[in-house]
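Values in this text are rule-based calculations from the coordinates and carry no lab data. Bear in mind the structure is a predicted one, so any value in this text is a computation, not a measurement. Cβ: placed from backbone, ideal geometry, glycine included. Neighbour counts: every protein chain shown.
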């Protein structure tokens, strides 16, 4: 399926549930006919940590879909969902009348799965509106990306150039959000990163780091003593996608200080010609991993809501980035 990441985002943003494609192979009770396998893209889809099968098809004959669906259901012991990218009104009506679960760009109908959602409804209702503070987010991403499992408020204050009080609040916040365990060792509180982190919960509780996007002349880059590759420029470092136009990120506070020094930097709100460079202004310093490239978690958060769901190239790259992050946190 070309736009699987877009579809998963659509599910999560519409229903506010966790959804992800699993690499685990499906356990068929009996073999599927080759003719059916060749007409469908088959995905192991986890919804609220429950197994389902997603069948993506371009099949237009609803009678054939129903016949094939029966065969799939005979071969599997978990719910089956049909994905049709653009569904006609008559097909939608037929599938609803026959109780066939489906997802399309226009509608979602999952009657058999409602029981799964009930157990998690209150949990996600509480989590949905809660986001980590800027400092807590920066500390958490740093711990994950640098694979640093333990930290205390003294070391954290030095590392992030903040007061001990500020870092103490941020670490307690991360403990409250269930990302860190706290242990009292003598007079010092030591915090330890959880061994398992729910990636969907993580993405729901992190903020998009990008505040604004501007454009400057290429020669004005000389005024920056630090800049970090971001957006599609950074995506090329983690995935197989290519991007020819450089894109950088800087912390907004740093950029404001730069402007106040009377540096003659001309700012544009649009890319009026190809000689302009795109600059993202971030809530926090983008060089968390300190190698000139935005860290993968902040990068994913900066891109996930702006990608074109019909651009298979970008969707594949985002799927690859998602898998890299999932590997980091588990």
| remark: Once both label points are put 7 Å beyond Cα along the C-beta direction, the residue 324-residue 67 separation in nm becomes 4.6 nm
| Relative contact order (percent) for the range 130-203, with alpha-carbon contacts under 8 angstrom and 6 or more residues of separation? | 31 percent
| Tilt of helix 134-145 relative to the longest C-alpha principal axis of the chain, in degrees (0 to 90, nearest 10)? | 70 degrees
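Computed FRET efficiency, Cβ-Cβ of residue 236 and residue 272, R0 25 Å: what is it to the nearest 0.05? Before the final figure, lay out the partial values.
Details: r = 24 Å, r/R0 = 0.98.
With R0 = 25 Å, the Cβ-Cβ based efficiency is 0.55.
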| Among 187, 257, 313, residue whose mean-square fluctuation peaks in a GNM of the chain (springs only between Cα atoms under 10 Å) | 187
| remark: The helix 312-329 Cα axis meets the longest alpha-carbon principal axis of the chain at an angle in degrees, between 0 and 90 and rounded to 10, of 70 degrees
| In degrees from 0 to 90, rounded to the nearest 10, what is the angle of the helix 62-75 Cα long axis to the longest principal axis of the chain? | 80 degrees
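Could you work out [θ]222 nm for the chain from helices alone, using -39500 (n - 2.57) per DSSP H run of at least four and dividing by all its residues? Round to the nearest 500 deg cm²/dmol. Intermediate results must be reported in sequence, preceding the final value.
Numbers: 14 runs with 135 residues, N = 330.
Counting only the DSSP helices, I get -12000 deg cm²/dmol.
Please figure out what share of the DSSP beta bridges in the range 204-330 is antiparallel and state it in percent, rounded to the nearest 5. Walk me through the numbers on the way to the answer.
Numbers: 11 of 17 bridges.
Around 65 percent antiparallel, to the nearest 5.
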| request: With no solvent and one equal point scatterer per Cα, compute the Debye intensity ratio I(q)/I(0) for the range 130-203 at 0.18, 0.25 Å⁻¹ and report its log10, rounded to two decimals. | output: -0.64, -1.26
| field | Highest-MSF residue in the chain out of 73, 97, 320 [GNM, Cα springs under 10 Å] | value | 97
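How high is the relative contact order of the chain, in percent, counting Cα pairs under 8 Å that sit 6 or more residues apart? Write down the numbers at each step before the final one.
Details: 485 pairs, mean separation 54.2, N = 330.
Computed value for the chain: 16 percent relative contact order.
Rounded, prolate or oblate: pick one for the chain, where a ≥ b ≥ c are the square roots of the eigenvalues of its C-alpha gyration tensor, a/c under 1.5 means rounded, and failing that, prolate if a/b is larger than b/c, else oblate. Walk me through the numbers before you get to the answer.
On the way: a/c = 2.61, a/b = 1.55, b/c = 1.69.
The shape class here is oblate.
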| message | Given contacts defined as C-alpha pairs under 8 Å and at least six residues apart, what's the relative contact order of the range 208-329, whole-number percent? | response | 36 percent
| note | Connecting every pair of Cα atoms under 10 Å apart in the chain and solving the GNM, the largest mean-square fluctuation among 161, 295, 311 falls on 161
